[in-house]
Amino acid sequence: MFEDRIRERLLQTAGLREEQIRDALAAERETGQSLDQVLIGRNLMNERECLKFFGDFLGLEVRDSLEGVAAPSDFIQHVPVQFARTHGLVAVESDGRSTKVATHRPLDVKPMDDLATMLGTECEAVLVPRSEIANLINRAYRHKADGVDEALDDIEEQDIVGLASKIEESEDLLDVANKAPIIKLVNMLLFQALKLRASDIHLQPYADRLQVRMRIDGVLYDTESIPKKAQEAIVSRVKVMGKMDIAERRLPQDGRASIRIGDGDVDVRISTVPVQNGERIVFRILDKTTKVYSLDQIGLNEDNLKTIKRYIHYSHGIIFVTGPTGSGKTTTLYAGLAEINSPQLNILTIEDPVEYNLDGISQVQVNAKKGLTFAAGLRSFLRQDPDVMMVGEVRDSETADIAIRAALTGHLVFSTVHTNDSASTVTRMLDIGIEPYLVSSSMLLVIAQRLVRTICPHCRDYTKDLDERMRFQLEELRLVFDQFPDGVAFGRGCDECFHSGFSGRTAIYEVLPIDAPVQEQIVNKATASEIKRGALERGLRTLRMDGVEKLLHGHTTPEEILRVTQLDVS
């Protein structure tokens, strides 16, 4: 019997106790969830362990990553994106007779049967983590019509005239907001943004249209133009989603929404501001299905990686990650926490907002209206017997003071701060009123970072024919053409990268350990430039130096390095 065989294997290889297995099997029968989902949901196994177990048990192939894999064109043509997303299925190989299909649900066979009917081939399951499947679905359907045009077509001219007249007559904005074509259009815009890996959607009103713009890899692109007559209905719909006051048009408002795609949650922060031609809306998208990167994957060179790995295993002290908004600080912090996460440590975080869910870590969302600020959260954490704490941001002297005192009393603290480079983080702590002796004895490490766009692998090329502008850029970076034996790398521009020449981003780093000389400078209230000068003499690599190293390896362009390091004078 299947249940007996699986019980025996779980006892033998998964290290679970008899009563845990019995409860899991009972929950499977009672809830209708598959056993793999029960095991993961009850934290009896993490996803990768569960996939490996069922791969061995069922004789299925298991893959950790789908990096570099392309979904077959037959799959994209015959399978609706909603089906792929909902069931977490995507083809990874096909020979015309059989298709290998990635799934993260080894025991859910009905969708696989439906898929075999759609494709007209046999389907063979390959077990892959959910985040990898979500990323491949996004890549696969990026250029397929995604419903935005279709939704725009649904909003026929007479519909909008009718809606507009209802607004004028009855002011019943809520009724207008819930008209199906409008809801469909807003949902499709959000879905399109997720497929394109956009971090933000801007709805910008002009005199004759509502322009949709999306920020992809840090750069804004114009995408759709929506008829002006649909503007009020769309704004109302967005306000309903964000639980905002739909009748208030003269004041800025903030809201939040959580949308569900398949079995993944996406949090959306919404901001509205009244402008000349209506209300301007910005969505900030936080896709919780995005995978948490490891320290090895975020662009650290070997020396910086060794330094960070050494300091994050200290038992107490404070580690700061610094940079402007949108420079990947949170990703770096999560990578550090994932590295040290273990059952032996009690790890607590307070964030605004919680961007990713980490197994085994207690994460708290800031709620200023209810009095739950960073400082208040930190105070309560100290009564929770923590080993490691992460504070989303040090914004004021109160938060800084509690964080530093926590670091001095035997806790490891991670946090972010907004400064231009590593040395100015030290002086920022002094500027907001923390005593120099507390700063010098508590701070362990400062990691400054920026994000640079990487050259699109589909249209990467090299040039030896440098124009005057590129010669000037290399001169500005103190480089000579002889350092590029194959020529300078660039992206020609293709459909995959919106003809920008760039796809994805990597980080450049400046890692400053707070060693004895820096501690002495802090106590003597040295300036940021004095601290940096001393660190450079002892081997500090600045943001620009790290960027130049990535440029020499062909990962990015001179223009990108100059764009993000203009304030890095050294």
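The values are calculated or read from the model by the stated rules, or taken from the named source; none is laboratory data. Keep in mind it's a predicted model, so treat the numbers as computed, not measured. Methodologically, a virtual Cβ is constructed for each residue, glycine included, from the backbone with ideal geometry; neighbour enumeration extends over all protein chains shown. We work out accessible area using only protein heavy atoms, side chains counted, and drop any ligands, DNA or RNA first. Shrake-Rupley method; radii C 1.70, N 1.55, O 1.52, S 1.80 Å.
Here ASP208, ASP200, ASP222, ASP217 are screened, and the one residue that is over 15 Å from PRO274 (Cβ atoms) and without any contact (Cβ under 8 Å) to a residue 12 or more places away in the chain is ASP222. Of the residues screened, ARG428 is one that is within 23 Å of HIS316 (Cα to Cα) and touching a Ser or Thr at 6+ places or on another chain (Cβ under 6 Å). Restricting region 459-474 to residues that are open to solvent by less than 100 Å² (accessible area, probe 1.4 Å) and at pLDDT 85 or above, the residue that is nearest to GLU549 (Cα to Cα) is LEU474. Which one is nearest to THR565 (Cα to Cα), of the residues in region 517-547 that are of a type in the set (Gly, Ala, Ser) and open to solvent by less than 40 Å² (accessible area, probe 1.4 Å)? Checking each candidate, the answer is GLY547.
Note on region 30-49: among residues that are free of Cβ contacts under 8 Å to residues at least 40 places away in the same chain and part of a helix (DSSP H, G or I), the one that is surrounded by the fewest Cβ atoms within 10 Å (Cβ to Cβ) is GLU30.
Checked against (1) farther than 24 Å from LEU136 by Cα; (2) surrounded by fewer than 18 Cβ atoms within 10 Å (Cβ to Cβ), ASP64 meets all criteria but (1). I'd like the full set of residues that are more than 23 Å from ARG533 (Cα to Cα) and open to solvent by 30 Å² or more (accessible area, probe 1.4 Å), limited to region 504-516. Result: ARG505, single match. Note on region 363-398: residues that are closer than 14 Å to ILE434 by Cβ and in contact with an Asp or Glu (Cβ under 8 Å, 6 or more places away or on another chain) total 1. Would you check if there is a residue in region 434-445 being over 34 Å from the mean Cα position of the chain (by Cα) and open to solvent by 30 Å² or more (accessible area, probe 1.4 Å)? Yes, because at least one residue in region 434-445 is over 34 Å from the mean Cα position of the chain (by Cα) and open to solvent by 30 Å² or more (accessible area, probe 1.4 Å). For the residues ASP245, ASP303, the requirement of being surrounded by fewer than 16 Cβ atoms within 10 Å (Cβ to Cβ), of a type outside the set (Lys, Arg), in contact with a Lys or Arg (Cβ under 9 Å, 6 or more places away or on another chain) and without any contact (Cβ under 8 Å) to a residue 12 or more places away in the chain singles out ASP245.
Looking at region 498-517 only, could you name the residues that are farther than 20 Å from LYS306 by Cα and of a type outside the set (Phe, Trp, Tyr)? Answer for region 498-517, where residues must be farther than 20 Å from LYS306 by Cα and of a type outside the set (Phe, Trp, Tyr): HIS499, SER500, GLY501, SER503, GLY504, ARG505, PRO517. When region 492-524 is filtered for residues that are free of Cβ contacts under 8 Å to residues at least 40 places away in the same chain and touching a strand residue (DSSP E or B) at 6+ places or on another chain (Cβ under 8 Å), only ARG492 remains.
When ILE234, ILE201, ILE226, ILE270 are screened for being closer than 30 Å to HIS499 by Cα, hydrophobic (A, V, I, L, M, F, W, C), in a strand (DSSP E or B) and out of contact with any Phe, Trp or Tyr (no Cβ under 9 Å at 6 or more places or on another chain), only ILE226 passes. Listed by first and then second residue, the pairs linking a residue in region 315-344 that is within 19 Å of LEU512 (Cβ to Cβ) and touching a residue at least 12 places away in the same chain (Cβ under 8 Å) to a residue that is open to solvent by less than 40 Å² (accessible area, probe 1.4 Å) and among the basic types (Lys, Arg), with Cβ atoms under 9 Å apart and 6 or more places separating them unless they lie on different chains, are VAL321/LYS329; THR322/LYS329; GLY323/LYS329; GLY323/ARG450; PRO324/ARG450; SER327/ARG450; GLY328/ARG450. Among the residues here, ARG469 qualifies as of a type in the set (D, E, K, R) and more than 30 Å from VAL413 (Cβ to Cβ). One residue alone among ALA27, ALA70 is over 25 Å from LEU194 (Cβ atoms), in contact with a helix residue (DSSP H, G or I) (Cβ under 9 Å, 6 or more places away or on another chain), modelled with pLDDT under 90 and not basic (Lys, Arg), and that residue is ALA27.
Would you point out the residue of region 86-110, among those that are among the charged types (D, E, K, R) and part of a loop (DSSP other than H, G, I, E, B), that is modelled with the highest pLDDT? Top of the filtered list is ARG105. Please enumerate the residues belonging to region 67-77 that are assigned to a helix (DSSP H, G or I) and surrounded by fewer than 16 Cβ atoms within 10 Å (Cβ to Cβ). The answer is SER73, GLN77.
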